[in-house]
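**Q** Provided herewith is a single structure, encoded as structure tokens, for subsequent inquiry.
Each reported figure results from applying straightforward, stated rules to the coordinates on display, with no laboratory input. Being a predicted model, the structure only gives us computed values, none of them experimental. Glycine gets a Cβ as well: all are built from the backbone with ideal geometry, and neighbour counts include every protein chain shown.
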């Protein structure tokens, strides 16, 4: 069931979104060569607690960590380990918080030191596809309009959207209806209505759209081990446009 948030809900979501954005800003600055993924996890735990929020992912469907920290060919859902970042890596940091009972979710992929041109292009195209999708998020448009905009832009640049994983509604739960694919046909799917809160999260690969689910039950990587990038915002649908809550 697709939910419509109240004015009071939206006020709380915006406050939670600001907290989450500040946490991701801090972690992005911290993520440098020699820093371990567990270092980032510990920092996230401290920051979220200091800001009066709770981590959204830890314990959700059994997930063991606060962050998803996906490096290079890892797409999503990778629990932090003692692995240390090195120059040339790309790192996706995905985090959610619960604040005053409501959930927000956001991710970004960052460069660790100097990265090559192919990796830099991947990050730029993936981030831009999310910003382009914003133009189609308003009351009266459809979920298909969002996916079509992302897919068209990504494929024009000879990259590949992941089709086996999708964005989602958010707010009362970590994951709500509707599903938000990063591909599709314009003017199809559920209608967008003011008050809906959704997570749009393009996941883009260099080599293929195909992914591999690992036996630990969490890690997802590209099937061909090519690089993958992931950007996500929690977004409020409005009558005449959209508002990013997690910035």
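For (1) buried (at least 19 other Cβ atoms within 10 Å of the Cβ); (2) without any contact (Cβ under 8 Å) to a residue 12 or more places away in the chain, each residue gets a yes or a no:
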{"residue": "187", "(1), (2)": "no, no"}
{"residue": "197", "(1), (2)": "yes, no"}
{"residue": "215", "(1), (2)": "no, yes"}
{"residue": "227", "(1), (2)": "yes, no"}
{"residue": "245", "(1), (2)": "yes, no"}
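**Q** Which members of the range 148-165 meet the condition of being over 13 Å from residue 204 (Cα atoms) and either out of contact with any helix residue (DSSP H, G or I) (no Cβ under 8 Å at 6 or more places or on another chain) or surrounded by fewer than 19 Cβ atoms within 10 Å (Cβ to Cβ) (or both)? Steps first, answer last, please.
**A** Start the filter on the range 148-165 by keeping residues that are over 13 Å from residue 204 (Cα atoms), which leaves 148-149.
Of everything in the range 148-165, just one residue is over 13 Å from residue 204 (Cα atoms) and either out of contact with any helix residue (DSSP H, G or I) (no Cβ under 8 Å at 6 or more places or on another chain) or surrounded by fewer than 19 Cβ atoms within 10 Å (Cβ to Cβ) (or both), namely 148.
**Q** For the range 1-23, give me each residue that is within 22 Å of residue 67 (Cβ to Cβ) and touching a helix residue (DSSP H, G or I) at 6+ places or on another chain (Cβ under 9 Å).
**A** 19, 20, 22, 23
**Q** Could you check how many residues of the range 148-167 are in contact (Cβ under 8 Å) with a residue 40 or more places away in the chain and either outside any helix (DSSP H, G or I) or within 26 Å of residue 195 (Cα to Cα) (or both)?
**A** The total comes to 9.
**Q** Of the residues that sit in the range 125-147 and are surrounded by fewer than 21 Cβ atoms within 10 Å (Cβ to Cβ) and assigned to a helix (DSSP H, G or I), which one is nearest to the chain's Cα centre (by Cα)?
**A** Per the criteria, the residue is 127.
**Q** Same structure again: Scan the range 89-108 and tell me whether some residue there is out of contact with any helix residue (DSSP H, G or I) (no Cβ under 8 Å at 6 or more places or on another chain) and more than 30 Å from residue 52 (Cα to Cα).
**A** Yes, the range 89-108 contains a residue that is out of contact with any helix residue (DSSP H, G or I) (no Cβ under 8 Å at 6 or more places or on another chain) and more than 30 Å from residue 52 (Cα to Cα).
**Q** Could you please let me know if residue 179 is closer than 29 Å to residue 227 by Cα, touching a residue at least 12 places away in the same chain (Cβ under 8 Å), within 14 Å of the chain's Cα centre (by Cα) and surrounded by fewer than 24 Cβ atoms within 10 Å (Cβ to Cβ)? Before the answer, list the steps.
**A** On the way: closer than 29 Å to residue 227 by Cα: yes; touching a residue at least 12 places away in the same chain (Cβ under 8 Å): yes; within 14 Å of the chain's Cα centre (by Cα): yes; surrounded by fewer than 24 Cβ atoms within 10 Å (Cβ to Cβ): yes.
In short, yes.
**Q** Give the residues of the range 215-240 that are within 27 Å of residue 98 (Cβ to Cβ) and either over 16 Å from the mean Cα position of the chain (by Cα) or assigned to a loop (DSSP other than H, G, I, E, B) (or both), sorted by residue number.
**A** 216, 217, 218, 219, 231, 237, 238
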